[in-house]
Amino acid sequence: MTSSTTAGLSAVDFEKFREFFYKRTGIQFTESKRYFVDKRIETCIKQAGFPGFNAWFSALRLSDRSGLLQDLINQLTVNETYFLREDYQFDSLLKTVLPDVLAARGGAGRMTGPVKILSLPCSTGEEPYSIALRLLEEWDQIDHVDVEIHGADIDSAVLDKAAHASYGERSLQRVPMSWRAKYFAPVGAGRYQLDAGIRGAVTLHQINVCDTTSMRAFRDFDVIFCRNVLIYFDELSSRRAAENLYGAMRPGGYLFLGHSESMSRISPIFTPSRLPEGIVYQRPSGGPR
Amino acid sequence: MGLVRREQQPAEAKAAPSVETLLRQLDDPDPDCRREAALGLDGVAEAVPHLLARVGPETASTVRDALLTTLAAHDTTEVAEALAIHLASDEADLRTSVAEALSTMPGSVPAIIPRLIDDPDHDVRVMTAMVLADLAHPGSLTWLADMIRQDPHPNVVTAAVDALLPSLGPEHTELLRDAVRRFPDDPFLRFTVEAAVG
Ligand SMILES: C[S@@+](CC[C@H](N)C(=O)[O-])C[C@H]1O[C@@H](n2cnc3c(N)ncnc32)[C@H](O)[C@@H]1O
């Protein structure tokens, strides 16, 4: 097969591409993902108007068209998410983690600065907005402390959707009807847009969790949700992501991973702590070990 | 009180410190600063010798893990060989962290495995089994099987059995039973094998 057709990549092309994409995102595609990757690369090549893989790939690498890489990332990331996903972790957040954060920081009345929560990756926004809704509806301290919620993702297209915050049935399935009535307005075609107040309260950022330099912008988070992304990384990228998350947290801060993810195989820098609702990881509070 | 928005200030997106600054910070008295310098030197080839030189003396394990994270991304023989020296360290934490890092370097580590398997120090061979447990390489299982079959030290054989367990197939049954026969006085090995193959 020649590498200049858009109908499927040669093995050599795939290998070159895989290496390149891994270095830029930390995501490792195995041979079993070949079909998925091929189709999306074809879409990118066509959309950008290139005759074939080689021309597109050189433009991509030499980055004389910076949009190419972003289009590719947007095509190749798995963005599936929904409101109140794995919400036993939000139970933990309300029942155990936030009370502990407040206590560690001197109590609701005496804290300096807000409680900071980060959802990374946030995809189309359901995760940070779920946190906002649960805090507003169910946390008895919300009127006594300031809470800052941030969402971040590598994919600019999902962030645009997160900013717009209008969702279909599939994504809203688990949201109680009373919350829907209170916080969402129908915008046609079976979609509902989240209240502007909540949309406005969540700050969105584009970021690569594996990129240490840009992750330096994140500091002093009390709680980070990093769910359902480490599964796409190989060990080395996971390790780097873990280090970067650690740097973004306050000593004693809490990290939630997705239910199929575990830090124990990735890095020893966090201390696991078993809560009634499941495992959560903590950045040790007493300086370095 | 309640949800508050934080506008992103331009100052928040701090510029990356220069390589020289980061290299200097590797010797900062503050471990957090050393840790960030080690992570910040990701992909900087000229920093490799400096990072390597600090793995052994570093006392804060958070900093050491950061050094190893950055070093492991340089999957070269030079780095693999320099790290492998620490498999012989008396410090258990250091040995283990280095073994973990080596197991994420499938490009360069396979070339040094034959030498490590023959190392005169049986503790190094035990650590080598740990590296092989996680090394994504088609030869890993064969090397582990060789260790189980040939290594004269029971601790090494037990470590290799342990490393092989998650990938155990019916083809390994005889190999494991043989190992138990070779070391009839090692209850731990017997127990491990019995639990695995009955
Ligand atoms: C399956 S979604 C997870 C969303 C949400 N956390 C959840 O659990 O439902 C995975 C997201 O990870 C993002 N992602 C992939 N690689 C990333 C990286 N290197 N840095 C930041 N985000 C990344 C993708 O763009 C995608 O939106």
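We did not get these values from a lab; they are worked out from the coordinates using the rules stated. These numbers come from a predicted model, not from an experiment. All Cβ positions, even for glycine, are placed from backbone atoms using ideal geometry, and neighbour counts span all protein chains on display.
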Ellipticity estimate at 222 nm from DSSP helix runs (n ≥ 4, -39,500 (n - 2.57)) divided over chain A, nearest 500: -11500 deg cm²/dmol
Going by amide H atoms built from the backbone, whose H comes under 5 Å of the H on residue A:146, apart from near neighbours? A:115, B:2
Helix A:34-48 versus the longest principal axis of chain A: what is the Cα-based angle in degrees, 0 to 90, to the nearest 10? 80
Nearest 10, in degrees from 0 to 90: the angle of helix A:53-62 to the longest Cα principal axis of chain A is 50
Under 23 Å from the Cα of residue A:23 - lysines, other chains or at least 8 residues apart: A:33, A:39, B:14
State, as an integer percentage, the relative contact order of chain A based on alpha-carbon contacts under 8 Å between residues 6 or more apart. 17
If the only charges are +1 at each Lys and Arg Cβ and -1 at each Asp and Glu Cβ, what is the size of the charge dipole of the range A:11-76 around the Cα centre, to the nearest 20 debye? 120
Averaged over every viewing direction, what's the projected area of the C-alpha convex hull for chain A? Give it in nm², one decimal, please. 16.7
Using alpha carbon centroids, what distance separates the range B:133-166 and the range A:207-223, in Å? 39
Dipole of chain A [Lys/Arg +1, Asp/Glu -1 at C-beta], most positive-end residue of A:233, A:258, A:82: A:233
In the neighbourhood of residue A:180 defined by beta carbon distances under 13 Å, the net charge of the other residues (Lys, Arg +1; Asp, Glu -1) is 0
Residue-averaged 222 nm ellipticity for chain B, from DSSP H runs of 4+ at -39500 (n - 2.57), nearest 500: -18000 deg cm²/dmol
Give me the net charge for the shell around residue A:101: Cβ to Cβ below 11 angstrom, other residues only, Lys and Arg +1, Asp and Glu -1. +1
Report the FRET efficiency, 1/(1 + (r/R0)^6), for residue B:173 and residue B:142, where r is their Cβ-Cβ distance and R0 is 25 Å, rounded to 0.05. 0.90
As I understand it, the dipole of the protein assembly as shown uses +1 on the Cβ of Lys and Arg and -1 on the Cβ of Asp and Glu, about the Cα centre. Which of B:53, B:40, B:156 lies farthest toward its positive end? B:40
What net charge is computed for the residues neighbouring residue B:134, neighbours being all others with C-beta under 14 Å from the C-beta of residue B:134, Lys and Arg scored +1, Asp and Glu -1? -2
Counting Lys and Arg as +1 and Asp and Glu as -1, each charge on the Cβ, what is the dipole of the protein assembly as shown about the Cα centre in debye, to the nearest 20? 1360
List, in order, the whole-Hz ³J(HN,Hα) value for each residue of the range A:246-263 obtained from phi through the Karplus relation with A = 6.51, B = -1.76, C = 1.60 and θ = phi - 60°; use x for Gly and Pro. 4, x, 7, 9, 6, x, x, x, 10, 10, 9, 10, x, 5, 9, 10, 9, 7
Given N residues in the range A:8-101, what is Rg(Cα) / (2.2 N^0.38 Å)? 1.49
Can you tell which of B:144, A:172, A:248 lies farthest toward the positive end of the dipole of the protein assembly as shown, using +1 and -1 charges on the Cβ of basic and acidic side chains (Lys, Arg; Asp, Glu)? A:172
Across the range B:93-105, in residue order, what do the Karplus-derived ³J(HN,Hα) couplings come to in whole Hz, using 6.51 cos²θ - 1.76 cosθ + 1.60 with θ = phi - 60° and x for Gly and Pro? 4, 4, 3, 5, 4, 5, 4, 4, 5, 4, 6, 9, 10
If one compares the long axis through the Cα atoms of helix A:11-25 with the longest principal axis of the Cα atoms of chain A, the angle in degrees, nearest 10, works out at 30
What number, in nm² with one decimal, is the all-direction average of the projected area of the convex hull of the alpha-carbon atoms of the range A:1-159? 11.8
